[in-house]
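Peer 1: Okay, handing you the structure first.
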Amino acid sequence: MRARTLAPWLLAVAMTLGSAGCESDPLDAQTWIDKLDDRKELPEALRRLERLKDPRSIKPLGETWKRLNKQSSVLRALIAVASHVDEKGKAQFKDAIPYLIIAVKDFDQGSGRSIDDAVAAAAALGASKDPGTIPVP
């Protein structure tokens, strides 16, 4: 009879311990990419992604930037990740270029923030050294 009352308790303990092992890894970029949609988590997610410099975060950062009305902090995080030079001596601009081009082409002339973002994006495009970013007639 005692085993019957102990079994539910043991099951609850096992489930609690099992779920504790499923916590997100703070050193995995995907943990923070998943939090880009949460306004409360966004500032921390941006800080973490900038530190991790994982190129997998470039497209999600770009899409978040577009979705959040071209928020400057998101663009700056995208630029920081894309411009990071990896162990092979290469930056990761390829996925960032479409977003950087939008930032340069579609800036608001009446907004100092938008102008500053366009300048930062233009500098990043120049650093990319991708000849396809500058159309030549």
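The values are calculated or read from the model by the stated rules, or taken from the named source; none is laboratory data. It should be emphasised that the depicted structure is a prediction, and the values quoted were computed from it without experimental measurement. With ideal geometry, Cβ positions are generated from the backbone for all residues, glycine too; neighbour counts draw on all protein chains shown. For the accessible areas, the whole protein counts, side chains as well, though only heavy atoms, and no ligand, DNA or RNA atoms are used. Shrake-Rupley method; radii C 1.70, N 1.55, O 1.52, S 1.80 Å.
Peer 1: So for segment 43-55 (the condition being loosely packed, with under 15 Cβ neighbours inside 10 Å and under 29 Å from Pro135 (Cβ atoms)), does at least one residue qualify?
Peer 2: So far as segment 43-55 goes, no, none of its residues is loosely packed, with under 15 Cβ neighbours inside 10 Å and under 29 Å from Pro135 (Cβ atoms).
Peer 1: A further question follows. Between Val74, Val81, Val85, which is open to solvent by 60 Å² or more (accessible area, probe 1.4 Å) and of a type in the set (Val, Ile, Thr)?
Peer 2: Numbers: Val74 fails: open to solvent by 60 Å² or more (accessible area, probe 1.4 Å); Val81 fails: open to solvent by 60 Å² or more (accessible area, probe 1.4 Å).
Going through Val74, Val81, Val85 in turn, just one is open to solvent by 60 Å² or more (accessible area, probe 1.4 Å) and of a type in the set (Val, Ile, Thr): Val85.
Peer 1: Sticking with this structure for a sec: If you scan segment 88-125, which residues turn out to be of a type in the set (D, E, K, R), farther than 13 Å from Lys70 by Cα and open to solvent by 80 Å² or more (accessible area, probe 1.4 Å)?
Peer 2: Filtering segment 88-125 for residues of a type in the set (D, E, K, R) gives 88, 90, 94-95, 105-106, 108, 113, 116-117.
Retained after the next criterion (residues that are farther than 13 Å from Lys70 by Cα): 88, 90, 94-95.
Hits for segment 88-125 are Lys88, Lys90, Lys94.
Peer 1: Quick check on Lys66: is it closer than 14 Å to Leu36 by Cα and either of a type in the set (Lys, Arg) or in a loop (DSSP other than H, G, I, E, B) (or both)?
Peer 2: Working: closer than 14 Å to Leu36 by Cα: yes; either of a type in the set (Lys, Arg) or in a loop (DSSP other than H, G, I, E, B) (or both): yes.
Yes.
Peer 1: Sticking with this one: How many residues does segment 80-119 hold that are under 19 Å from Arg48 (Cα atoms) and hydroxyl-bearing (Ser, Thr, Tyr)?
Peer 2: Total meeting the criteria: 1.
Peer 1: Follow-up question, since we're still on this one. Looking only at segment 25-42, which residues are crowded, with 16+ Cβ neighbours inside 10 Å and either part of a helix (DSSP H, G or I) or among the acidic types (Asp, Glu) (or both)?
Peer 2: Narrowing segment 25-42 to residues crowded, with 16+ Cβ neighbours inside 10 Å: 29, 31-33, 35-36, 42.
Selection gives Ala29, Thr31, Trp32, Ile33, Leu42.
Peer 1: Another question about this same structure. Please identify the pairs in which a residue from segment 49-64 that is closer than 23 Å to Gly89 by Cβ has its Cβ atom under 8 Å from the Cβ atom of a residue that is surrounded by fewer than 22 Cβ atoms within 10 Å (Cβ to Cβ) and small (Gly, Ala, Ser), counting only partners at least 6 apart or on another chain.
Peer 2: Once the first residue is closer than 23 Å to Gly89 by Cβ and sits in segment 49-64, its partners that are surrounded by fewer than 22 Cβ atoms within 10 Å (Cβ to Cβ) and small (Gly, Ala, Ser) give Leu49/Ala29; Glu50/Ala80; Leu52/Ala29; Lys53/Ala80; Asp54/Ala29; Arg56/Ala29; Ser57/Ala29.
Per-residue answers, yes or no, for (1) closer than 22 Å to Pro26 by Cα; (2) at pLDDT 95 or above; (3) touching a strand residue (DSSP E or B) at 6+ places or on another chain (Cβ under 7 Å):
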{"residue": "Lys66", "(1), (2), (3)": "no, yes, no"}
{"residue": "Asp86", "(1), (2), (3)": "yes, no, no"}
{"residue": "Gly112", "(1), (2), (3)": "no, no, no"}
{"residue": "Ala123", "(1), (2), (3)": "no, yes, no"}
{"residue": "Thr133", "(1), (2), (3)": "no, no, no"}
{"residue": "Val136", "(1), (2), (3)": "no, no, no"}
